[in-house]
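Have a look at the structure below before the remarks.
The values are calculated or read from the model by the stated rules, or taken from the named source; none is laboratory data. In this text, all values refer to a predicted model and were calculated from it rather than measured experimentally. Quick reminder, even Gly has a Cβ in these numbers, built from the backbone with ideal geometry, and neighbours come from all protein chains shown. The accessibility values were calculated without ligands, DNA or RNA, using every heavy atom of the protein model including side chains. Shrake-Rupley method; radii C 1.70, N 1.55, O 1.52, S 1.80 Å.
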There are 2 protein chains.
Amino acid sequence: MLLEHLPALEGKRIVLASASPRRRELLQQMGMKFEVVVSSFEETLPKERYSAADYARHTASHKALDVARQLAAAAAAGAAPPPALVIGADTVVEYGEHILEKPADAADAARVLRMLSGKRHHVHTGVALPRLHTFSVTTSVEFEELSAEAIQAYIASGEPFGKAGSYGIQGLAGSFVRGIEGCYFNVVGFPLHRFGTELATLIASGALRL
Amino acid sequence: MLLEHLPALEGKRIVLASASPRRRELLQQMGMKFEVVVSSFEETLPKERYSAADYARHTASHKALDVARQLAAAAAAGAAPPPALVIGADTVVEYGEHILEKPADAADAARVLRMLSGKRHHVHTGVALPRLHTFSVTTSVEFEELSAEAIQAYIASGEPFGKAGSYGIQGLAGSFVRGIEGCYFNVVGFPLHRFGTELATLIASGALRL
């Protein structure tokens, strides 16, 4: 588990290439110490060319590479030491043929929530560790039937905005999830268990030198 | 979902009969307003007489009834208005023939974590609304293999203490859970989705008058 590898990470420069406060909280909850550097990469890859899982993995890769390049340039200029590890991540919701990201506005959020109401969908989080490894993890999530009133009340709470699939399972939406199959934290935005096992493999193989 | 029924609960005296800070946070996360009154009921029902789910349900019932009686006596003495709703809950972990509650000490926590390592177990939360309804919800949880070092590091963190099954999925243990099947919040200590649907039924049937 991740806890075992924290001593190896101690004192190393680790950078999370993500603006998501939920992702930051998850890694903090695990006892990791890191900086946050946000990428300027726009989430605009052509969706028709990727499976939802690959879309998340490639978006994560672009974000992480963008930050890794910024930091390498700063290190080359002597501004800061190079990072030991950069972590990028991206979460999308897949339902039917749709890859759902953050809602554009209230009407978009309502449309997405009506689509997911009473159904099972998939949440994919892609994780990228530049020049080392990329992977994605999928969790299935089942919503209860949401009445029009429930959707309106939920949108009025403001919670859907800024969240893939227009909901936050760790917030008010927690009560409308019948159940999940897989990693809960992957739905929140970061697959803690899988990240721990991938990190252990990279350390054991010598690919990640700390 | 629970959010729809919050207006009906607004301004009513709701009492959570549980000392668990995690349960309190879950209900607060749902936007519920309530007081906490802790029961003096000891978790000492004879385990051999119950299934694990029924054990949790009956323990929840005893806790909730104990608090309901205290509050009824206070109300009869004119000390405070009677509560509109009392909520009791109890969470246990079941593995094989064992019903696992909070660990007695570090050695007990290590024994339990070795037992759960690499295996799938069940978490049952019983909920009791005195004189109205009781129910229980079950979630299955799969742990990765935990090395002796990982178990020692986890115990040294202090997190296993005070927690059913000697772990907290919402804390460091989040990274050693391969996946779950069912309601995540039920594992944390309160089945938010099912509570919302049961509450809706009680309100609609007139059994719960608010």
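Some observations on this one:
- Taking the conditions (1) under 30 Å from A:Ala104 (Cβ atoms); (2) facing another protein chain (nearest Cβ under 7 Å) in turn, A:His193 satisfies each one other than (1).
- The residue of the stretch A:123-150 that is farthest from the other protein chains (Cβ to nearest Cβ), among those that are open to solvent by 10 Å² or more (accessible area, probe 1.4 Å) and hydroxyl-bearing (Ser, Thr, Tyr), is A:Thr134.
- The numbered conditions (1) surrounded by fewer than 21 Cβ atoms within 10 Å (Cβ to Cβ); (2) touching a helix residue (DSSP H, G or I) at 6+ places or on another chain (Cβ under 9 Å); (3) at the interface with another protein chain (Cβ under 9 Å from one of its Cβ atoms) are all true for A:Phe185 except (1).
- Look at the stretch A:151-180: where a residue is farther than 14 Å from B:Arg194 by Cα and more than 8 Å from chain B (Cβ to nearest Cβ) and a partner is part of a loop (DSSP other than H, G, I, E, B) and of a type in the set (Phe, Trp, Tyr), sitting 6+ places away or on another chain with Cβ atoms under 9 Å, you get A:Ile155/A:Phe161; A:Glu159/A:Tyr167; A:Pro160/A:Tyr167.
- Test for A:Lys33: is it under 23 Å from A:Ile169 (Cα atoms) and open to solvent by 70 Å² or more (accessible area, probe 1.4 Å): no
- Condition met for B:Gly206 (of a type in the set (Gly, Ala, Ser), more than 15 Å from B:Arg23 (Cβ to Cβ) and within 9 Å of chain A (Cβ to nearest Cβ)): no
- Test: A:Val86 is open to solvent by less than 20 Å² (accessible area, probe 1.4 Å), of a type in the set (Val, Ile, Thr), in contact with a Phe, Trp or Tyr (Cβ under 9 Å, 6 or more places away or on another chain) and modelled with pLDDT of 95 or more: no
- Only listed residue being closer than 20 Å to B:Val177 by Cβ, open to solvent by 40 Å² or more (accessible area, probe 1.4 Å) and of a type outside the set (Asp, Glu), chosen from A:Arg178, A:Arg120: A:Arg178
- Top-ranked residue in the stretch B:48-77 [being open to solvent by 30 Å² or more (accessible area, probe 1.4 Å) and of a type in the set (D, E, K, R); ranked as nearest to the chain's Cα centre (by Cα)]: B:Arg57
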